[in-house]
Amino acid sequence: MSQSELAEMVGVSRNTISSIETGQFNPTSKLALILCIALEKKFEDLFYFE
């Protein structure tokens, strides 16, 4: 799935998805949940803390 497709699916810009992927932006808990649902992944599979 492309960044653009995911962005459209969850209602954000492609730049937002890119920023999340590179660690420049931390999504809200609501957006994080929506991303987990869209990608059919658990929270800990997508987000981790160093």
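The values are calculated or read from the model by the stated rules, or taken from the named source; none is laboratory data. As the structure is a prediction and not an experimental result, all values here were calculated from the model. Positions of Cβ are backbone-derived with ideal geometry, glycine not excepted, and every protein chain shown enters the neighbour counts.
This table checks each residue for (1) surrounded by 10 or more Cβ atoms within 10 Å (Cβ to Cβ); (2) in contact with a Lys or Arg (Cβ under 7 Å, 6 or more places away or on another chain); (3) in a helix (DSSP H, G or I).
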residue	(1), (2), (3)
GLU8	yes, no, yes
VAL12	yes, no, no
SER18	yes, no, yes
GLY23	no, no, no
ASN26	yes, no, no
LEU31	yes, no, yes
ILE37	yes, no, yes
LYS41	yes, no, no
TYR48	no, no, no
### Task
Select from the stretch 13-26 the residues that are modelled with pLDDT of 95 or more and touching a helix residue (DSSP H, G or I) at 6+ places or on another chain (Cβ under 7 Å) and list them in ascending order.
SER13, ARG14, THR16, ILE17, SER18
